[in-house]
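Peer 1: I have a structure I would like to understand better, so I am pasting it below and will then ask my questions one at a time.
The values are calculated or read from the model by the stated rules, or taken from the named source; none is laboratory data. The model shown is predicted, which means the values in this text are computed figures rather than measured ones. When we count neighbours, we look across all protein chains shown, and the Cβ atoms used for this are built from the backbone with ideal geometry, even at glycine.
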Amino acid sequence: MKKRLLLVAVPLALTIGTPAAAKPADQPAPISEGTFRTWSEATPAVTYDTAVVPQGATAKLTVQNTGSAMRVRLQATGLVPGRTYGAHVHVNPCTDKPAEAGPHYQHRIDPAADPQHPSVDPDYANPRNEVWLDFTANSAGNGYAASVLRWQFSESRPAWSLVLHSERTHTKPGEAGMAGARVACLTRTALPAYENAPGRG
Ligand SMILES: [Cu+2]
């Protein structure tokens, strides 16, 4: 049974292309967590600005599928008390370059967007079509956010990262989805597809 599923999954992955950090049939695990460090190949969680996301801060991203919908939760520790962070699920794994996490994951993809021009149309760049997890850290530096979406991540174009930004997410036309600098990034844990239940995102 495992072999048959693999044979189905591999040609699909080759057709659509996969992020460099992931093996062909991998899917993101339902729970991913990491401790933010400055970049190295070994860390799943990288901070790009240690004044905003100190080394040793942590993030845990949980994706729970509930029938046709999903609930996405973010728990963070070790951040700057009282500071507001923008946070979104992005498409690519994290690297040493913040931009390489790519655009926000969109359920309905904005046809006007491309790699040089990210989606800033509120019809697409909104918290119902993307996963927004903005939060304000409490007095202990802990943060929590949750979002319930009426859809699930596609297995053919997995969502590989959580990006923390320096500002609350903007919502006006022309700037919707923007949230200042990318200050940290958590790569979701990769699992071989056959170890994942169907539909897990
Ligand atoms: Cu973002």
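Peer 1: What do you reckon, is residue 111 within 13 Å of the chain's Cα centre (by Cα) and over 16 Å from residue 46 (Cβ atoms)? Steps first, please.
Peer 2: Working: within 13 Å of the chain's Cα centre (by Cα): no; over 16 Å from residue 46 (Cβ atoms): yes.
No, not satisfied.
Peer 1: Looking at residue 169 and the list (1) buried (at least 16 other Cβ atoms within 10 Å of the Cβ); (2) β-branched (Val, Ile, Thr); (3) not in a loop (DSSP other than H, G, I, E, B), which single condition is not satisfied?
Peer 2: If we test residue 169 against (1) buried (at least 16 other Cβ atoms within 10 Å of the Cβ); (2) β-branched (Val, Ile, Thr); (3) not in a loop (DSSP other than H, G, I, E, B), just (3) comes out false.
Peer 1: Now for a separate question. Cβ-Cβ below 6 Å, separation at least six or inter-chain, first residue in region 49-70 and in contact (Cβ under 8 Å) with a residue 60 or more places away in the chain, second among the hydrophobic types (A, V, I, L, M, F, W, C) and in a loop (DSSP other than H, G, I, E, B): which pairs?
Peer 2: 53/36; 57/36; 57/79
Peer 1: Return the residues of region 133-166 that are more than 15 Å from the chain's Cα centre (by Cα) and in a loop (DSSP other than H, G, I, E, B); say none if nothing qualifies.
Peer 2: The answer is 137, 138, 139, 140, 141, 142, 150, 151, 156, 166.
Peer 1: Mind listing whichever residues of region 60-93 are over 11 Å from residue 145 (Cα atoms), part of a strand (DSSP E or B) and either out of contact with any Leu (no Cβ under 9 Å at 6 or more places or on another chain) or within 14 Å of the ligand (Cβ to nearest atom) (or both)?
Peer 2: Once the filter is applied, which keeps residues that are over 11 Å from residue 145 (Cα atoms), part of a strand (DSSP E or B) and either out of contact with any Leu (no Cβ under 9 Å at 6 or more places or on another chain) or within 14 Å of the ligand (Cβ to nearest atom) (or both), region 60-93 yields 63, 64, 65, 66, 77, 84, 89, 90.
Peer 1: Mind checking which residues of region 94-104 are in contact (Cβ under 8 Å) with a residue 24 or more places away in the chain and either more than 10 Å from the ligand (Cβ to nearest atom) or among the aromatic types (Phe, Trp, Tyr) (or both)?
Peer 2: 94, 95, 96, 99
Peer 1: Same structure, new question: For residues in region 158-201 being at pLDDT below 95 and of a type in the set (Lys, Arg), which is nearest to residue 89 (Cα to Cα)?
Peer 2: Filtering region 158-201 for residues that are at pLDDT below 95 and of a type in the set (Lys, Arg), the one nearest to residue 89 (Cα to Cα) comes out as 200.
Peer 1: Please specify each residue of region 147-182 satisfying the condition of being within 12 Å of the ligand (Cβ to nearest atom) and among the hydroxyl-bearing types (Ser, Thr, Tyr). Even if it seems obvious, please write down each step before you answer.
Peer 2: Going residue by residue through region 147-182, those that are within 12 Å of the ligand (Cβ to nearest atom) are 159, 161-170, 176-182.
If the condition is that a residue be within 12 Å of the ligand (Cβ to nearest atom) and among the hydroxyl-bearing types (Ser, Thr, Tyr), then 161, 166, 169 are the ones that fit.
Peer 1: Checking residue 110 against (1) farther than 19 Å from residue 183 by Cα; (2) in a loop (DSSP other than H, G, I, E, B); (3) touching a strand residue (DSSP E or B) at 6+ places or on another chain (Cβ under 8 Å), only one condition comes out false. Which one?
Peer 2: So residue 110 meets the others, but not (3).
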